[in-house]
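Report on one structure; see the data block that follows.
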Protein chains: 4
Amino acid sequence: MNHLSQEMQECIQNCLDCHNVCLQEAMNHCLEAGGKHTEPAHFRLMMNCAEICQTSANFMLSGSDLHTLTCGVCAEVCERCADDCERVGEMDECVQTCRRCAASYWKMAGAAA
Amino acid sequence: MNHLSQEMQECIQNCLDCHNVCLQEAMNHCLEAGGKHTEPAHFRLMMNCAEICQTSANFMLSGSDLHTLTCGVCAEVCERCADDCERVGEMDECVQTCRRCAASYWKMAGAAA
Amino acid sequence: MNHLSQEMQECIQNCLDCHNVCLQEAMNHCLEAGGKHTEPAHFRLMMNCAEICQTSANFMLSGSDLHTLTCGVCAEVCERCADDCERVGEMDECVQTCRRCAASYWKMAGAAA
Amino acid sequence: MNHLSQEMQECIQNCLDCHNVCLQEAMNHCLEAGGKHTEPAHFRLMMNCAEICQTSANFMLSGSDLHTLTCGVCAEVCERCADDCERVGEMDECVQTCRRCAASYWKMAGAAA
């Protein structure tokens with residue numbers, strides 16, 4: 001993957017990490033804890049975040065310029081997911097991974113501008 | 001799925017149709033025809049279109065308000081894919097399905113406004 | 001899609017229907033109902049069923065012979081999902097769609113044998 | 001992810017690596033090189049391999065016992081993809097990543113037996 005820019009390689013890795021953490025936390029910790037963790041709006045946001053991160057990573061891996069469109073949505077969803085995980089509590093890894101993913105998009109978008 | 005609005009049900013179906021047609025045409029007709037059909041930029045666009053349609057359909061099926069974000073990107077990618085399929089030629093089903101998918105998003109967005 | 005056999009076209013449609021119903025029921029009805037509907041093992045099975053149905057449909061759409069591998073797993077997961085939805089109750093549409101999906105795989109496999 | 005066994009954590013990482021390498025090589029190197037690299041059977045196998053690796057990783061991340069079903073198919077597809085990449089040539093990274101993914105499944109399956 002050495003023909004991709006450093007910023008994009010970091011962004012792909014951060015998207016994949018965020019997909020993994022959101023999916024795993026939702027389907028294990030959240031389902032087992034219940035209560036606020038399985039509120040429909042919170043749980044949907046976790047699953048939506050996992051999916052758009054996967055799709056954005058796939059757009060970048062495919063070499064497509066259109067990744068700017070998916071990554072913009074991905075950063076927005078990640079920020080909302082981080083905020084909601086903070087509200088629910090006990091989701092520190094998820095908060096940090098979502099914030100890091102959104103930040104790496106802004107860094108990549110800035111480097112391209 | 002009767003608790004979803006008529007516009008959203010149509011939009012889900014159009015996204016799924018567009019995913020199916022783009023994926024099938026790319027992996028069968030385009031690979032077998034070669035030439036312009038496997039130009040990297042064209043082929044990537046077909047595969048990107050299939051993927052964002054699937055993701056947008058999944059966001060709508062999940063009951064998430066965030067589908068407005070993915071559907072906006074989806075409509076943009078569908079329009080670019082339709083234009084490029086017209087340029088390449090012999091892709092009429094793909095052109096029509098992509099146009100129909102983009103149009104049903106604009107209809108749904110208009111109905112919600 | 002007229003170069004695909006009748007059995008395969010039906011199987012693709014049944015996989016897509018099963019993906020849609022399982023994903024939508026899990027993320028809406030199950031999350032809102034709670035209780036048995038969000039038991040980890042049941043909810044995971046619904047989401048696993050949605051995902052393998054999508055993957056199997058994609059393998060068939062891609063024109064790959066390897067769909068026999070994914071479809072075999074898909075039929076197995078659909079049958080387990082149908083049984084578990086029957087146990088949980090109030091999931092009749094899901095039970096029927098999963099059973100129909102598994103049956104169309106066995107019909108396609110039989111036609112090919 | 002520290003509640004997962006060491007073998008499963010390795011298997012998840014190997015599936016994700018294999019997804020990334022197959023998708024990126026197919027959509028960049030193969031499309032740009034053409035010739036044997038875009039033969040329908042070879043290109044489909046690369047894309048199928050990327051997709052089943054993603055699905056298997058998602059099953060493992062979801063905490064589902066059913067990952068044994070998807071991982072068995074995944075190991076089979078990875079081995080076929082490695083063999084075909086060897087035949088086509090100039091795909092060394094893909095060959096190695098696919099072989100490593102299949103091997104980590106057999107190691108995990110052996111540890112569980």
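Around C:Phe43, what is the net charge, scoring Lys/Arg as +1 and Asp/Glu as -1 over all other residues with Cβ under 11 Å from its Cβ?
Details: positive: C:Lys36, C:Arg44; negative: A:Glu32, C:Glu25, C:Glu39, C:Asp84.
Computed value for this residue: -2.
Within the set of other residues whose C-beta is less than 11 Å from the C-beta of D:Ala102, count the net charge using Lys and Arg as +1 and Asp and Glu as -1. It would help to have the intermediate numbers written out before the result.
Numbers: positive: D:Arg80, D:Arg99, D:Arg100, D:Lys107; negative: D:Glu76, D:Glu79, D:Asp83.
Net of charged neighbours comes to +1.
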Around B:Leu66 (Cβ within 11 Å, Cβ-to-Cβ, excluding B:Leu66; K/R +1, D/E -1) the net charge comes to -1
On the formula 1/(1 + (r/R0)^6), with r taken between the Cβ atoms of C:Arg100 and D:Lys107 and R0 of 35 Å, the FRET efficiency rounded to 0.05 is 0.40
Cα pairs beyond 24 Å in chain C, in percent, come to 23 percent
Calc'd 3J(HN,Hα), region B:72-83, phi into Karplus 6.51 cos²θ - 1.76 cosθ + 1.60 (θ = phi - 60°), Hz, glycine/Pro = x, comes to x, 5, 4, 4, 5, 5, 4, 5, 5, 5, 4, 4
The alpha-carbon center of region C:21-88 and that of region A:89-111 are separated, in whole Å, by 30 Å
For the A:Thr68, B:Gln6 Cβ pair and Förster radius 45 Å, calculated FRET efficiency rounded to 0.05 is 0.85
Once the in-chain neighbours fewer than 8 apart are removed, the aspartates and glutamates whose Cα is under 16 Å from A:Lys36 read A:Glu25, A:Asp83, A:Asp84, A:Glu86, A:Glu90, A:Asp92, C:Glu32, C:Glu39
Longest principal axis of chain B (C-alpha) makes with the long axis of helix B:6-24 (C-alpha) an angle, in degrees to the nearest 10, of 20 degrees
Treating only Lys and Arg (+1) and Asp and Glu (-1) as charged, each at its beta carbon, one finds that chain D has a dipole about its Cα centre, in Debye to the nearest 20, of 180 debye
Cross-link reach from A:Lys107 to aspartates and glutamates, straight Cα distance under 18 Å and at least 8 residues apart if same chain, gives A:Glu7, A:Glu10, A:Asp17, A:Asp65, A:Glu76, A:Glu79
Treating every alpha carbon of region B:1-51 as one equal point scatterer without solvent, the Debye formula yields log10 I(q)/I(0) values at q = 0.15 Å⁻¹ of -0.47
So the angle from the long Cα axis of helix D:40-61 to the longest Cα principal axis of chain D, reported in degrees to the nearest 10, equals 20 degrees
Each label sits 7 Å from Cα toward the beta-carbon; between D:Glu32 and C:Glu76 the label points are separated, in nm, by 4.0 nm
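Every number here is computed from the coordinates shown, using simple stated rules; none is lab data. Bear in mind the structure is a predicted one, so any value in this text is a computation, not a measurement. Glycine also receives a Cβ, built like all others from the backbone with ideal geometry; neighbour counts cover every protein chain displayed.
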